[in-house]
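The values are calculated or read from the model by the stated rules, or taken from the named source; none is laboratory data. From a predicted model like this one, the values you see are computed outputs, not experimental measurements. Every residue, glycine among them, receives a Cβ derived from its backbone with ideal geometry; neighbour counts consider all protein chains shown.
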Amino acid sequence: MPRTHVLEAIPAQLWRLVKLARHRVLMFDYDGTLAPFRVERQEARPTPGAVDLLRRIGAAGGTTVAIITGRPLAEVERLIDGLPATYIGEHGWERRMPDGSLVQRPLSVPTKKALESAERSAQALGFGELLERKRTSVVLHTRSLPAEAALSVQESCAAVWRTLAGGEKVIVDHIVGGIEVRAWGCNKGTAALSLLSHAPPGSIGVYVGDDATDEDAFDAVREWGFGIRVGERNGPTQAMGSLTSCESVPVFLKEWLMLTCGDDLVAGC
Ligand SMILES: [Mg+2]
């Protein structure tokens with residue numbers, strides 16, 4: 001597909017700022033953004049070329065590359081396979097530090113109890129096979145089900161989970177391919193802001209994501225730069241640009257590399 005067609009929904013102003021900025025913070029969600037969805041989540045590998053381009057962008061200097069994901073970091077780091085970047089996992093509840101240690105923000109006792117209750121209630125409804133339990137969330141994955149059954153299962157589970165969501169303990173969100181109940185207090189927006197607030201003066205921020213949980217980050221980066229939504233839009237978005245699919249991401253990254261580092265670094269990509 002021609003490059004200009006792939007990038008037609010990226011604002012021209014983004015490229016102007018990327019070229020002129022003193023520093024850039026380029027943040028990526030993982031599933032549905034860097035890597036196409038797979039029913040077997042542990043097989044969701046990045047789109048060919050994307051990680052190599054991110055590695056080149058990071059190595060060239062002038063851009064901080066970050067991965068902000070809902071997955072536990074141990075999972076996503078294995079799938080990305082050694083990309084030097086800032087890693088933030090579980091929607092901001094954990095972060096890999098430069099010395100390699102993993103810092104996890106603690107959960108309150110009421111939040112832990114609400115998540116345990118969410119897991120038990122979904123199991124009691126017979127949805128145990130569809131559940132993924134993380135430290136700070138419980139996800140009901142319905143990608144393996146026919147569309148009508150997926151909707152019915154999501155609605156049954158969401159009705160129960162919403163009874164747990166009061167009191168600022170947990171929130172319930174529809175996500176691509178399921179629903180999720182997660183700890184309240186951190187989200188991808190707070191994670192993006194934590195990076196941007198420590199970036200050099202004059203930095204711009206660009207966040208690329210695909211899902212409802214990325215909207216917090218799209219909103220957060222509006223004062224710093226741009227949110228870019230990957231895939232079809234279902235409803236309103238805070239993103240200011242879009243890419244049609246994960247397969248478009250390498251084209252976007254090549255443009256970024258060319259503008260910030262020159263054509264010679266793009267050769268061979
Ligand atoms: Mg995603």
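One line per residue, one yes/no per condition, for (1) under 30 Å from residue 202 (Cα atoms); (2) of a type in the set (Ser, Thr, Tyr):
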site	(1), (2)
51	yes, no
57	yes, no
67	yes, no
84	yes, no
103	yes, no
125	no, no
137	no, yes
140	no, no
143	no, no
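Taking the listed residues 256, 161, the one that is crowded, with 17+ Cβ neighbours inside 10 Å and either assigned by TED's automatic domain parsing to the domain that holds residue 61 or on the phi > 0 side of the Ramachandran plot (or both) is 256, with no other qualifying.
Taking the criterion of being more than 16 Å from residue 253 (Cβ to Cβ) and either in a loop (DSSP other than H, G, I, E, B) or within 16 Å of the ligand (Cβ to nearest atom) (or both), the residues of region 18-30 that qualify are 21, 22. Inside region 36-55, residues that are of a type in the set (Lys, Arg) and modelled with pLDDT of 95 or more make up a count of 2. Within region 170-185, not a single residue is part of a helix (DSSP H, G or I), at pLDDT below 95 and β-branched (Val, Ile, Thr).
Only one of 33, 69, 4, 47 is more than 16 Å from the ligand (Cβ to nearest atom) and not aliphatic (A, V, I, L, M). Can you tell me which? First the steps, then the outcome.
Numbers: 33 fails: more than 16 Å from the ligand (Cβ to nearest atom); 69 fails: more than 16 Å from the ligand (Cβ to nearest atom); 47 fails: more than 16 Å from the ligand (Cβ to nearest atom).
Within the list 33, 69, 4, 47, the selection yields 4.
When you look at residue 8, is it among the acidic types (Asp, Glu) and either under 21 Å from the mean Cα position of the chain (by Cα) or buried (at least 16 other Cβ atoms within 10 Å of the Cβ) (or both), yes or no? Working first, answer last.
Working: among the acidic types (Asp, Glu): yes; either under 21 Å from the mean Cα position of the chain (by Cα) or buried (at least 16 other Cβ atoms within 10 Å of the Cβ) (or both): no.
Considered against the rule, which asks whether it is among the acidic types (Asp, Glu) and either under 21 Å from the mean Cα position of the chain (by Cα) or buried (at least 16 other Cβ atoms within 10 Å of the Cβ) (or both), residue 8 comes out as no.
Just one of the numbered conditions (1) at pLDDT 90 or above; (2) assigned to a loop (DSSP other than H, G, I, E, B); (3) not charged (D, E, K, R) is not true of residue 15: (2).
For region 198-242, filtered to residues that are surrounded by fewer than 20 Cβ atoms within 10 Å (Cβ to Cβ) and part of a helix (DSSP H, G or I), the residue that is farthest from the ligand (Cβ to nearest atom) is 219. The residues of region 13-25 that are in contact with a helix residue (DSSP H, G or I) (Cβ under 7 Å, 6 or more places away or on another chain) and buried (at least 20 other Cβ atoms within 10 Å of the Cβ), listed by number, are 18, 24, 25. Screening residue 129 on (1) farther than 23 Å from residue 33 by Cβ; (2) within 16 Å of the ligand (Cβ to nearest atom) shows it passes everything except condition (2). Among the helices (runs of 4 or more DSSP H) confined to region 38-149, the ones with at least 3 residues that are of a type in the set (S, T, N, Q) are located at 109-124.
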